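Read through the structure below, which is laid out as structure tokens, and then see the notes.
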Amino acid sequence: MSGMAVSSPFPMPEGGTALERYLDEAGGWRSGRVEVFFDRPALAMALRTLRAARVSIDMEMFLFGGRLGLRVLRLLDRKARAGVRVRLLHRECLAARVGAVLKAALRCVHRFEGDRPEHHYVPLVDRLFATELRKSRVERRRFPVHLFRNRSLSPLKIAHDKLLLVDGSVAVTGGMNLATAVAGNHDVMIRVTGDAVTAATAVFDYDWRLAANPATPWPADAAGSPRGTACPHRLRFAVTRPARSEQLELVLGLLRHASRRIWVEMFLLTDPRIVAALVEARARGVDVRMIADSMEFALGIRLHGAPNLPFVRDLTDGGVAVRVFCSTPGRQMHQKSLVVDGRWVLTGTTNFTRQAFEVNTESSFLVEGADVAAIYERRFLDDWLRGSGTPDPTLFSRRRVWFGVARQACRWL
């Protein structure tokens, strides 16, 4: 089939739904095969994929930490010494002052015996690189966070991607960080093969050049186009970058054109534009449900329900069915997924926040495939029935001031 001239392997059926027509016009599709992994098996899959590398490893990772982070760094070092080209793109560390202020203001709820504190505001990773990769052949560039100003003045902008590319033929992405402290999270990663990997590879190459030269132009081939392969799924790689912020438009398009159901599992959902679109979809008769993290034990500190619960209330007031995940210290509902009409899945690193849509580096795959959607929907129903509960209505009165502060902060962030 590779030798055939095919204009589009994904013809849209005549008289398709509004969502089919919208996505067909949006374009940017590539073919591929998707495998889905949840929780700790997702981390095991990522390590297996790295160990299988023979030619190259390209990695962007938000957070390394603890024994798991060291294990990954040592694996990269062994591969580099064996002749595999290893490029590691890491965020600049966030200001330690921010973490110190937060930990002083909010009660810390857990420690990890035998490891240094490992949440997002501790610059542990620089020490790991300094000691573990000093004589390694691993190529490393620090992604300069100051590039990601866009239209926001947020001081918390971050390079938030988790992307592994192996031998130019396999892409792994999702919510999982490579850190012991978050290895127990309720999360998901996908493994993609086929033509769709080339779009993610083009974005990584762009990021690698951007880390050295802020004037790097956006790659013309990153958006992609469908090709004539026999892979069972079609995918679109959507990103937030300084030169391109396309995920908000895509999410709003999915929500506004959905006709049957919208099921969301989201670690952070604080963007009022997304909240309004979900309420509007419910008003026109779509089955809209959301599972959000309770934000009781988040980022190594106790956040007392903020920032999610104020926006959860907006959704419930608009008729959307919402449940909050029963998080525990060391185990958050960190998944970021949207399933629409039992056919399309948006999954990746992107929270539904202004920060993620406008300021951070973020990536998601939009996957068309009823089989992939069914996997996510089974996960959703299991979490809906057994892993979550209804929001406590008394919290909104007891924490009214705290939730008000959180809502205003989200408008700025």
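Any read-out appearing in this document is the output of simple, stated calculations on the displayed coordinates, not a laboratory observation. It should be emphasised that the depicted structure is a prediction, and the values quoted were computed from it without experimental measurement. Ideal geometry is used to build each Cβ from the backbone, glycine not excepted, and the neighbour counts take in all protein chains shown.
For a 21 Å ceiling on Cα separation, which of these pairs sit above it: 135/157; 79/157; 162/336?
Where the Cα-Cα span goes over 21 Å, the pairs concerned are 135/157; 79/157.
Exposure proxy shown here: for 49, 193, the number of other Cβ atoms within 10 Å sets the order, fewest to most, as 193, 49. Label sites at residue 24 and residue 370, each approximated as a point 7 angstrom past Cα along Cα to Cβ, lie 1.8 nm apart. Would you mind counting up the charge near residue 287? Only other residues with Cβ under 9 Å from its Cβ, with Lys and Arg at +1 and Asp and Glu at -1. Result for the local shell: +4.
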